[in-house]
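Scroll down for the structure; my scribbles are underneath it.
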Amino acid sequence: MDRQSLKEQRKHGKYDFPFHIISHTDSLGTYNVSYHWHDEIEIIYLEYGEIDIRCSKKEYHLTSGDFYIINSNELHQISGRSPSLHHAVIFHPHFLDFSLFDRAEEVYIHPITSGSAQFAAGVCQDQDCLHLLRQLVGTSPKKYLSIKILLYALIDQFYQKNQIIMKEPSNAQDDLKKVLSYIQENFNKPLTLNQIAQQIMITPNYLCRYFKKKMGMTVFQYMKQYRINKSIDLLLQSDLSIINIAMQCGFDNLSYYIRTFKELTGLTPKQYRRQHTQQEIS
């Protein structure tokens, strides 16, 4: 299965300035972005509230004032825990390139752009970095020089705080992406462990252990979560009946769908649709 199916298709920034800041207010605490990856580096700064970021098998809980750095090509998922406001600072690694390959480029920038170095995993609260990050978020998108100066200052701070480390090569991410791609492309069909295991040529039993180790959840827990997330899209973006949505998202039993939906969201599908529709109207 081609890993490209998990790649985010959205382009960030412009061709001649591949830098973008997205600010998202989640008034209900239901924000959710399924597993995906992209070429860009992404810094998530949480201004207020609580969110969870899962990168591969580890989950990180962010509260007000925290930030987290997602590496280029790193599988990740983001979900809300409470009403929140977060800012995503997104830039292509080559945005950092110099036209002259000097010592600064060789020692500090090239390891990042070549993929031989990566940002350390973990929630950050460093005040020096936060100060620069807040300045960056508040800078006008047309102040191109100011943006680059602040971004280089941030990179400098990350090096000083040992937040950039040498990367260990691994093929595990590619296998995981194949499994996730297969599930996401076939979520609306009946799926068996054997079908999924065949995508990376392993046994179903080994798949269960491998997936749990990498993702921190079982294969079926992930499928259940992904199907519910897809059903939420249909609830909010279509007039389809609840039973039709359940069937289109791989649930062949309406009662099980409603029970699973409530287990993961705290609401029935009907309640969720009504609450979010009222929120949009108000």
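Look at (1) at pLDDT 90 or above; (2) among the charged types (D, E, K, R); (3) not in a loop (DSSP other than H, G, I, E, B) and you find that GLU105 fails only one, number (1).
Of all residues in segment 217-224, one or more are outside the structural domain of GLU74 (by TED's automatic domain parsing), among the hydroxyl-bearing types (Ser, Thr, Tyr) and under 17 Å from ARG54 (Cα atoms). Residues in segment 132-147 that are free of Cβ contacts under 8 Å to residues at least 12 places away in the same chain and surrounded by 13 or more Cβ atoms within 10 Å (Cβ to Cβ): THR139, SER146. The selection criterion, being farther than 30 Å from LYS178 by Cβ and free of Cβ contacts under 8 Å to residues at least 24 places away in the same chain, holds for PHE101.
Let's see how each residue does on (1) free of Cβ contacts under 8 Å to residues at least 24 places away in the same chain; (2) farther than 23 Å from PHE158 by Cα; (3) over 16 Å from the mean Cα position of the chain (by Cα):
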site	(1), (2), (3)
PHE17	no, no, yes
GLY49	no, yes, yes
SER72	no, no, no
ALA88	no, no, no
PRO93	no, no, yes
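Taken together, the residues in segment 105-121 that are surrounded by fewer than 13 Cβ atoms within 10 Å (Cβ to Cβ) and either at positive phi or out of contact with any strand residue (DSSP E or B) (no Cβ under 9 Å at 6 or more places or on another chain) (or both) amount to 3. When THR25, THR63 are checked against the criterion of being farther than 20 Å from ILE165 by Cα, surrounded by 14 or more Cβ atoms within 10 Å (Cβ to Cβ) and β-branched (Val, Ile, Thr), THR63 stands alone in meeting it.
Among the residues that make up segment 249-260, is at least one of them closer than 21 Å to ARG81 by Cβ, at pLDDT 95 or above and not assigned by TED's automatic domain parsing to the domain that holds SER79? Yes, because at least one residue in segment 249-260 is closer than 21 Å to ARG81 by Cβ, at pLDDT 95 or above and not assigned by TED's automatic domain parsing to the domain that holds SER79. For segment 41-64, the set of residues classified as in a loop (DSSP other than H, G, I, E, B) and at pLDDT below 95 consists of SER56, LYS57, listed by residue number. Scoring LEU150 on the criteria (1) part of a strand (DSSP E or B); (2) without any contact (Cβ under 8 Å) to a residue 40 or more places away in the chain leaves a single failure, condition (1). Quick check, is SER231 touching a Leu at 6+ places or on another chain (Cβ under 7 Å), hydroxyl-bearing (Ser, Thr, Tyr) and either at pLDDT below 95 or at negative phi (or both)? Judged against the criteria, SER231 is not a match. Candidates in segment 46-60 are the residues that are closer than 25 Å to THR218 by Cβ and not charged (D, E, K, R); of these, the one that is surrounded by the most Cβ atoms within 10 Å (Cβ to Cβ) is ILE51.
The values are calculated or read from the model by the stated rules, or taken from the named source; none is laboratory data. These figures come from a predicted structure and were not determined experimentally. Cβ sites come from the backbone with ideal geometry, for glycine too, and all protein chains shown count toward neighbours.
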